[in-house]
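The values are calculated or read from the model by the stated rules, or taken from the named source; none is laboratory data. These figures come from a predicted structure and were not determined experimentally. Glycine also receives a Cβ, built like all others from the backbone with ideal geometry; neighbour counts cover every protein chain displayed.
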Amino acid sequence: MAALTLQFPLLCLITDPERPNLLTEVEQALTAGVGMLQLRGHQLTAARLYELAQALRPLCRHYGAAFLVNDRLDVGLASDADGFQLGRHSLPLREARALAGENALLGASVHTLAEAQAAVASGADFLVVGTIFPSSSHPGMAGSGTALIATIKRMLPTCPLLAIGGITSANAGAVMAVGADGIAVISAIFAAPDITQAVQDLRMAMKQEYEYMKNEREQTTAAISILANGQLRTVEAGSTVADLLRELAIAPARVVVQLDGVIVARTDFAQTALQEGSQLEIVTLVGGG
């Protein structure tokens with residue numbers, strides 16, 4: 001399996017295996033610019049999933065899209081998929097990485113900041129975050145809103161995020177504006193009267209806001225100011241608590257760190273990003289820790 005680089009903003013289409021014209025509709029979507037296809041079908045047998053994978057993988061190769069299998073490592077490995085989408089009940093990420101190899105793309109489905117941090121620490125290459133808005137695939141479930149995307153991006157600024165759940169061309173810009181690097185959809189494409197037009201509308205909605213936000217980030221200074229134990233310090237943008245401790249020559253195992261009034265677990269030092277105006281209290285433990 002060769003390494004594949006994702007291109008952002010990324011439009012991911014999740015298959016609905018019940019579609020009678022699935023292959024035709026998928027090819028229309030790929031032709032129009034879908035950049036990732038995820039094969040999902042928890043209710044299907046391994047044999048049927050493998051059959052679908054054998055048909056869909058060549059299409060993705062032809063159109064330059066990533067082909068991932070949801071949950072089923074056996075099917076994905078057998079069909080030479082580019083990677084896997086893993087959820088709460090899937091094989092753990094570390095074990096999946098050991099089986100799939102370093103070149104496999106591993107996505108993790110997350111619903112909270114804690115889940116996102118754990119997934120990144122375990123080796124996820126990207127996160128699918130949701131459910132953002134009410135969705136027909138999760139009836140009765142209230143959406144978390146865009147705040148979840150904003151929170152995760154603030155704490156994990158370098159990890160690509162795909163928003164999922166009720167995403168349409170009307171609200172795709174809203175999730176890109178708070179930090180999403182792409183979107184994952186089902187009905188926004190499959191339920192559309194014109195699949196090609198639906199893909200084009202989604203891509204345009206993403207691109208406009210993504211490019212605007214990218215320009216804003218590029219114009220932002222590469223340094224930020226923080227307060228550490230009451231002293232003003234300047235650090236590189238994107239620095240984490242672990243980076244700051246290294247700069248201060250403080251051993252992580254011997255300190256307690258409070259960031260903006262919240263104690264940061266030592267296991268989260270490397271994933272917890274500092275922001276402009278962050279206030280830290282760093283207490284060095286004496287005689288152990």
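If THR158 meets every condition in (1) farther than 28 Å from ALA273 by Cβ; (2) hydroxyl-bearing (Ser, Thr, Tyr); (3) surrounded by fewer than 20 Cβ atoms within 10 Å (Cβ to Cβ) apart from one, which number is that one?
Going through (1) farther than 28 Å from ALA273 by Cβ; (2) hydroxyl-bearing (Ser, Thr, Tyr); (3) surrounded by fewer than 20 Cβ atoms within 10 Å (Cβ to Cβ) one by one, THR158 breaks only (1).
Considering only region 27-67, state which residues are part of a helix (DSSP H, G or I), under 23 Å from the mean Cα position of the chain (by Cα) and small (Gly, Ala, Ser).
ALA29, ALA32, ALA53
Given the residues ARG57, ARG61, which is the only one that is farther than 25 Å from MET176 by Cα and surrounded by fewer than 19 Cβ atoms within 10 Å (Cβ to Cβ)?
ARG61
Can you name the residue in region 159-177 that is over 13 Å from the mean Cα position of the chain (by Cα) and aliphatic (A, V, I, L, M) and is also farthest from VAL129 (Cα to Cα) among such residues?
ALA170
With respect to LEU113, is the statement that it is surrounded by 18 or more Cβ atoms within 10 Å (Cβ to Cβ), under 18 Å from the mean Cα position of the chain (by Cα) and at pLDDT below 95 true?
no
Take region 240-289 and flag every residue that is closer than 22 Å to SER122 by Cβ, among the hydrophobic types (A, V, I, L, M, F, W, C) and under 23 Å from the mean Cα position of the chain (by Cα).
Across region 240-289, the qualifying residues are VAL241, ALA242, VAL264, ALA265, PHE269, ALA270, ALA273.
Please indicate, with yes or no, whether at least one residue in region 266-274 is in the same structural domain as LEU37 (by TED's automatic domain parsing) and surrounded by 12 or more Cβ atoms within 10 Å (Cβ to Cβ).
No.
May I ask you to verify whether GLY182 is of a type outside the set (D, E, K, R) and within 19 Å of LEU127 (Cβ to Cβ)?
In short, yes.
In region 141-217, which helices (runs of 4 or more DSSP H) lie fully inside it and hold 2 or more residues that are of a type outside the set (A, V, I, L, M, F, W, C)?
Once the helices (runs of 4 or more DSSP H) in region 141-217 are filtered for at least 2 residues that are of a type outside the set (A, V, I, L, M, F, W, C), what remains is 147-155.
Quick one: what pairs do we get from region 225-246, first residue surrounded by 13 or more Cβ atoms within 10 Å (Cβ to Cβ), second hydroxyl-bearing (Ser, Thr, Tyr) and part of a loop (DSSP other than H, G, I, E, B), C-beta under 6 Å, 6+ apart or different chains?
Matching pairs, first to second residue: ILE226/SER278; THR240/THR272; VAL241/THR272.
Can you give me the number of residues within region 82-129 that are touching a helix residue (DSSP H, G or I) at 6+ places or on another chain (Cβ under 7 Å), closer than 22 Å to PRO9 by Cα and free of Cβ contacts under 8 Å to residues at least 40 places away in the same chain?
Residues in region 82-129 being touching a helix residue (DSSP H, G or I) at 6+ places or on another chain (Cβ under 7 Å), closer than 22 Å to PRO9 by Cα and free of Cβ contacts under 8 Å to residues at least 40 places away in the same chain: 8 in total.
Quick check on region 103-115. Is at least one of its residues in contact with a strand residue (DSSP E or B) (Cβ under 9 Å, 6 or more places away or on another chain), farther than 21 Å from GLY182 by Cβ, part of a helix (DSSP H, G or I) and of a type outside the set (Asp, Glu)?
no
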